[in-house]
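Remarks on the structure that follows.
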Amino acid sequence: MTPQLEFSKWQGIGNDYVIVAVNDLAFEMTPARAAAICNRHFGVGSDGILLWSGTEASGFSLEIYNPDGSTAEMCGNGIRMLASYLVGRGIARETTLSVTTGAGIIAPTVREDGQVRVKMGSALLGGRGIIGYESMSKENPQSEAVGLNLTVAEYTFEFTYVDMGNPHCVIETTDLNSVELDKVGPMIENHQMFPNRTNVEFMKIAGPSEVSMRVWERGVGETNACGTGACAVAVAAFRTRGVTSPVTVHLLGGDLVIEVDDCLNVVMTGTAKEVYSGSFSEDFINRLKEL
């Protein structure tokens, strides 16, 4: 009989993930298997998989899989979920954790009120994720990828490129509802300017310290929320529009509070909630092994 594979389903303001321990896997995670698990009709269904390993003594590690089978360097909502999961189950006794991700070591803290405060590191306005930035920065080391243009189909957008350890193309608009995100999102994500593809955020300034946004996540599509995307939007609004920190970012699934300082160090605070726990059936595990 095939051993059961335990998992937990979590959501962070509507961005949902399946949490699985590497040591519990009965198979190697592959793009095809990740896609099958994320499938909302034939699998568990989620915006991705949080695959964790390690101990409190050695430090934890996190791998993130998207529904298309690709991987992400970092997930702001996911890191909050994992921290709440590890502390809530007693796997971590301390409330501040060290988690190694593709974007470096992240230190989330689970507060007494259940919210999770995450030091996200420093944002970079530019970087290797955008074609032409390296040559531009060599000519002017202080240059930032702000006010750049890209054209997709009949649209030309002015954008700010924010590197949060993963790539973000932030575009300001005065009307979020009029954005045809399902049309322009995939075209911008796969634009030749972004060799590793990009997440796409449309933002609207909602007040002196408030921003509303919609997000097209790389490898996922439009989602209710994106933690690193909210950080990128807050950074872009802080740098280009003088929005004051802390910034309340309104997403479709709820709000995140983002702190940004003059050196673009970013701290994110938000919720993470468990939806349910369960186990893959023997039939589903066998089907995954065949992929």
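The values are calculated or read from the model by the stated rules, or taken from the named source; none is laboratory data. Everything quoted here is computed from the prediction, not taken from an experiment. When we count neighbours, we look across all protein chains shown, and the Cβ atoms used for this are built from the backbone with ideal geometry, even at glycine.
Can you work out which of the residues in segment 148-197 that are part of a loop (DSSP other than H, G, I, E, B) and in contact with a helix residue (DSSP H, G or I) (Cβ under 6 Å, 6 or more places away or on another chain) is nearest to Ala232 (Cα to Cα)?
Met164
In the list Leu256, Leu288, which residue meets the criterion of being buried (at least 18 other Cβ atoms within 10 Å of the Cβ), part of a helix (DSSP H, G or I) and touching a residue at least 24 places away in the same chain (Cβ under 8 Å)?
Working: Leu256 fails: part of a helix (DSSP H, G or I).
Testing whether each residue is buried (at least 18 other Cβ atoms within 10 Å of the Cβ), part of a helix (DSSP H, G or I) and touching a residue at least 24 places away in the same chain (Cβ under 8 Å) leaves just Leu288.
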Residues satisfying the stated conditions in segment 259-285, i.e. within 19 Å of Val162 (Cα to Cα), outside any strand (DSSP E or B) and either of a type in the set (A, V, I, L, M) or in contact (Cβ under 8 Å) with a residue 24 or more places away in the chain (or both): Cys263, Leu264
Boolean, Ser245 is of a type in the set (S, T, N, Q) and over 17 Å from Val267 (Cβ atoms): no
Qualifying residue in segment 6-14 (condition: in a helix (DSSP H, G or I) and over 20 Å from the mean Cα position of the chain (by Cα)): no
Members of segment 75-88 that are surrounded by fewer than 22 Cβ atoms within 10 Å (Cβ to Cβ) and of a type in the set (A, V, I, L, M, F, W, C): Val87
Matching residues in segment 208-246 - criterion: being closer than 18 Å to Asp163 by Cβ and not in a helix (DSSP H, G or I): Met213, Val215, Trp216, Glu217, Arg218, Gly219, Cys226
Flag if Ala225 is touching a residue at least 60 places away in the same chain (Cβ under 8 Å), on the phi < 0 side of the Ramachandran plot, of a type outside the set (Phe, Trp, Tyr) and in the same structural domain as Asn177 (by TED's automatic domain parsing): yes
